[in-house]
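Here's the structure, in C-alpha cells; my notes come after.
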Amino acid sequence: MSFHVFTQIMMANTVQSIEIPFLPTSIWGLMTGLSLILVLLACGMYAWYHKRFKTALKDSKDVADLAAEKEILEADIKQCRDWWDKNKEELQRLEAERQQQELLRQELVNLQTKAAQEQQKVDDLSKESTSLQNIISTLAQDRDRITNEITDGKALLERIQNQIKEVQNEAESKQHVLRDVILRYEEEKKKFDNLLQNIAQYEIKHQSLFGEISAIEEKLNTKRNELEQISEKLARAKADIIPLEELIAEKDRVRIDRDNLFKEKRELEEEKGKLKGDIESFKKKLEILKEEVGTDVDAASRYADLFDVEPKCLDAGVFPGGKREEDENSTLRNVWQSLQNQGLYFPKRTLWAFHTSLKINGINPLTVLAGVSGTGKTRLPIEYAKTMGMHSLVISIQPRWDSPHDLFGFYNYMEHKYKATELARSLIRMDTYNFKDDGIDKRSERILLVLLDEMNLARIEYYFSEFLSKLELRWVVKNEKDATERNVAEFVLEAGPRSSAGKEKGKNEKSEFRLWVGRNVIFVGTMNEDESTQTLSDKVLDRANVLRFGKPPNNRGMIQNTTTRNQTQDKFLPFDVWQKWIKRHSSNDSWMNDVNKWIIQVNDALEKVGRPFGHRVQQAMREYVANYPSVDDGRTHKIAFADQIEQKIIPKLRGIDIGSCLSESLDIVHRLIDELRDEELSRAFSQSMEDRSMGTFVWRGVTRSLDDMRV
C-alpha cells in the first residue's frame, strides 16, 4: 500500500508540474520522463509484490519456503526504502520548484498590471510621433532655405573668381614690374580654392544633414509600424513587455538624434556666417591689392620697422640710475607711499592683490582690472610700474580688432615690409634666447608691464586667445634654455616669403620669427563693464585673476595729500631680483591643509551649478596664497584665499539663473567667506545674493575701506 500512496503522490506532482506554463521545455520533459519511470517502476514492484504474496499463500504449508520468501521480501523492502531515501531529495527539489512557480504566478499578475500601464505609454508615444512629424516638416523647410543660400553663395564665388581672373590678366600685362604681385595673387587664389573646398564641405554637411533627416523619417515610419505591432502583441499577451522597453529606448535615441541635428544646424549656420565674412574680407583685400599695384620696395629694408626702430617703452633713459636692490616688503611700501603722494588712494588689499597676481604670471598670465569707469583701473598699473622700476607699454584696444595681427603687426606682401607694432618690437628685445645675432639692443634683464586698456571693446578670443595659450604653456616648460622644449610655448610671427636679400642681412633665413615671451613680460588688462563691451569667456577667466573695482569709497575725496612732491624712481627693478620674490608652494607649508580643504568646498559648490574648475585653477590658487606678502604669519593665508574667491570663483557664477541649485552653491560660498572673516566681501556677496532683479546672479565687486592707511 505504501508504494501505491507514493505513486499517487508522484502522479499528483506530475499533474501540477504540467499545469504550470512557466517551466522551460527541457525541465518539463525531464520531469515528465522521471515521473513516468517512477510510475512504471512502482506498478512493476506492486505487481511483483502481489504475485509473490499469492505464491506465498499457496505455499503457506511449507514453513521453510515462507521463511525464505520472508527474507527475500525483507530484502526487497529494504531496497525500496533505499530507493525512497535516494529519491526523497528529488521530491524536495520538486516541492521547491512548485513554490517558485507560485511566485511566478504572482509575478505574472504584476506583469499584467505593468502591461496595462505600458499600453498607456504606447498611446503617448503615438501622440509624440505626430509631433516629430511636424518637426520633420520644419526641418525640410530649413533644408530648402539653406539650399537657396548655398546657391547664392556659389553665384557670389563665381563673381569673385571672375574678378580674380581680371586681376591676373592685368598682372600678366605688367609682369616685368609686378612679378611678386602675381605670386601674391596666386596665394590669394589658393585661399579662395580653400574657401571653395570649405563651401563644398559645407554642402556635404548639408547633404549629410538631409540624409539624417530622411533616416529619421524612415525610423519614424519603422517605429510607427512597430507601435502597431506592439499594440497587437499587447492585445494578445500583455505580459510581453520587452519590445515596449526597446521601443522606449529607441525613442530616446531618436530624441537625442533630433537634438544633435538642431545643434549641428546652428553650428552650420554660424559657419556659413563666418564664410560670408571671409568672402567680404577677401574682397576688401583684393581692392587693397589693386590700389597698391606698382609699389616696389628694397628687400633689404623688409624688417626695418621691426628690428631697426627702437621701442620707446624700453628706453634705457627712463631708469638712468642702474639696478635697484631692495627687498620685496620695502619696495611694496614705497609703491604704497608713492600712490598716496600722488593722491591715488587705493585700499591696501587691492594693491597687495594686484602685486601678488603679477608675481604668479607664470601660471596666470593675465591680470584683469574690471569695474565701472573712473575707479583708477588704468592709473594703478601705470603708477605701480613706474614706482616699482618696470617699463610699461599701454595698448588701447580697438573695437575692430579681430586677429593677433592687430597686436603684433603683419607682413605687407605688396610693400614687402613688415608693419610692426610697439609690442612686437618690445617682445623681440625682451626675448632672452632668440634674435641674438640680429644686432638688437636686448633688455631681457628688465621687466616690461603691458597694459591692454579696455581689452573687452573687441572679442578677446579673436586677438589674444592664441597668444594667451602660448603664455600658459610656459608653465609646462621645465628647461626654457632647451630650444626643443621651449618651442611648444613660443609665439610665431609670420615673416613673409623667403628672401635671399633678407638672408644676406641675417634676418630672414626663415619665413617666420619665433618669440619666447618670458616671465619678464607681464600682461595686465582693464575692462569697463557696460552694454558696449564683451564679457570674458571661461577660458580667459581660468587663466586670469580678475580684480573687480566697486564704486569709490565715500571718504576718498576727503583724504588730504600729506606730501607735496612725489619721489621719482630712477632705478629699474632687475628681473633676477623679481624672480627671488616668487615662491613655490610646498606640502610642508603651514597653511596648505586649510587651503586644500577650502578648494574642495568651493569646487563642490560650483559643481552643483555646472561650473567646476580643474587642476590648473587649483594650482594657481595655491601659488597665489604662497606668494602673498607675509603669508606665513598664521592668519594672512585667509585673506589671500578670500582674494581668490573674489577673483576666480565669484566671476564664474555670474549670469547663472537663480534657482535652488544656485542658492545652495551661494550659501556654501557665503559660509566659507564668513569662515575667512572677510566682512566687506561677505556684505557685498550677501547683496548680490539678495538682488534678484535681473533673474540671474550679478556681481558688482567689493567696495574696500580706506580707513587703514598705514603701511
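The values are calculated or read from the model by the stated rules, or taken from the named source; none is laboratory data. All figures in this text were calculated on a predicted structure; none of them were measured in a lab. As a convention, Cβ positions derive from the backbone with ideal geometry for all residues, glycine included, and neighbour counts pool all protein chains shown. Just the protein is used for accessible areas: all its heavy atoms, side chains included, with ligands, DNA and RNA removed. Shrake-Rupley method; radii C 1.70, N 1.55, O 1.52, S 1.80 Å.
Annotation: amide H of Val368 within the under-5 Å range of Gly525, Asn545, Val546, Leu547, sequence separation 5 or more or interchain, hydrogens built in the peptide plane. Computed from phi, the 3J(HN,Hα) profile of segment 627-637 under the Karplus parametrisation 6.51, -1.76, 1.60 (θ = phi - 60°) reads 9, 6, x, 6, 6, 8, 7, x, 9, 5, 5 Hz, with x in place of Gly and Pro. Using the Stokes-Einstein relation with a Kirkwood hydrodynamic radius computed over Cα pairs, the translational diffusion coefficient of segment 368-459 at 4 °C and a viscosity of 1.567 mPa s comes to 85 µm²/s.
Measuring r between the beta carbons of Val109 and Gln141 and using R0 = 41 Å, the FRET efficiency lands at 0.25.
So, taking all protein chains as they sit and a 1.4 Å probe, how much accessible area belongs to Ser587, in Å² rounded to tens? Counting only protein heavy atoms, the figure is 100 Å². Rounded to the nearest 0.05, what FRET efficiency is calculated for Asp691 and Glu149 with R0 set to 56 Å and r the Cβ-Cβ distance? Computed FRET efficiency for Asp691 and Glu149: 0.80. Rounded to two decimals, the Cα radius of gyration of segment 419-486 over 2.2 N^0.38 Å is 1.29. Under the simplified labelling scheme, the Ala116-Gln618 pair shows an inter-label distance of 5.4 nm, with each label point 7 Å from Cα along Cα→Cβ. Multiplying the residue separation of Leu473 and Arg400 by 0.36 nm and subtracting their alpha-carbon distance yields 23.5 nm. When all protein chains stay in place and ligands, DNA and RNA are ignored, the 1.4 Å accessible-area order of Ser444, Ser26, largest first, is Ser26, Ser444. With the convex hull drawn around the C-alpha atoms of segment 324-483, the volume per residue stands at 158 Å³. Among the listed pairs Lys436/Lys478; Lys154/Lys539; Lys51/Lys86; Lys377/Lys652; Lys323/Lys436; Lys191/Lys481, those whose Cα-Cα separation exceeds 29 Å are Lys154/Lys539; Lys191/Lys481. Label positions at Gln197 and Lys481, each projected 7 Å from the Cα along the C-beta direction, are separated by 4.3 nm. Subtracting the Cα-Cα distance from 0.36 nm times the residue separation, let me have the gained length for Gln342 to Glu102 in nm, one decimal. Taking 0.36 nm per residue and subtracting the Cα distance, the gain is 77.0 nm.
One chain, two ends: Ser586 and Asp308. Fully extended at 0.36 nm per residue, the span grows by 95.5 nm beyond their Cα-Cα distance. For segment 346-463, the share of DSSP beta bridges that are antiparallel, to the nearest 5, is 40%.
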